[in-house]
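The block underneath contains the structure these notes are about, expressed in structure tokens.
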Amino acid sequence: MLYGQTSTVKRYLGTVLLVEDNPVIGVNQKDLLESEGYRCVWADSLQRAWRLAQTHSLELIICDHDLPDGKGETLVKRLLASGRSVPVLYLSAAAHGDLRRRIEGLESVRSVLTKPVSPEELMDAVKACAGPTETVIYPRLIGQDERGLLLNALA
């Protein structure tokens, strides 16, 4: 590579808290988010999600409704009560009627998606909440040999 060439690097887009108790869904969604440039921290319970939310700066939370130790809306309400307003994508296999209206009424919930959610549908919703993936062009740094040639040319 010669001086003046550039490298294309996908920009780091921030940290997403994924709250999902199903390990197959969790692994797939975590891999998908990371492949798109997000750092993903994953919790399989409300208790673990609350701890991670307290120790990470989050751009987005993707939260399942039914968890082993309660409902995802409990986490959303607890975060709001603590003064943290992080955008939330809420996932539920039963997202209809009263549940949907109740969840959509929470201040930080940006979208309620009905499971199963395709990778495309999830990423469209993530990008709508957290912004599109951007590409940054960085100049390539020159090596010692190239530096010598450049300095000799300038002398």
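Filter the stretch 40-72 down to the residues that are more than 20 Å from residue 112 (Cβ to Cβ) and touching a Ser or Thr at 6+ places or on another chain (Cβ under 7 Å), then identify the one that is surrounded by the fewest Cβ atoms within 10 Å (Cβ to Cβ).
57
Only residues in the stretch 118-130 that are under 15 Å from residue 40 (Cβ atoms) and in contact (Cβ under 8 Å) with a residue 24 or more places away in the chain count as the first member; pair them with residues that are basic (Lys, Arg) and not in a helix (DSSP H, G or I), Cβ under 7 angstrom, at least 6 apart or cross-chain, and list the lot.
Note: pairs meeting the criteria are 129/110.
Could you tell me how many of the residues in the stretch 101-148 are under 30 Å from residue 78 (Cα atoms) and either at pLDDT 80 or above or of a type in the set (S, T, N, Q) (or both)?
Count: 30.
Quick test for you: out of 14, 37, pick the one residue that is surrounded by 14 or more Cβ atoms within 10 Å (Cβ to Cβ), touching a helix residue (DSSP H, G or I) at 6+ places or on another chain (Cβ under 7 Å) and more than 23 Å from residue 93 (Cβ to Cβ).
Matching residue, one of 14, 37: 14.
The values are calculated or read from the model by the stated rules, or taken from the named source; none is laboratory data. Computed from a predicted structure; not experimentally measured. Glycine also receives a Cβ, built like all others from the backbone with ideal geometry; neighbour counts cover every protein chain displayed.
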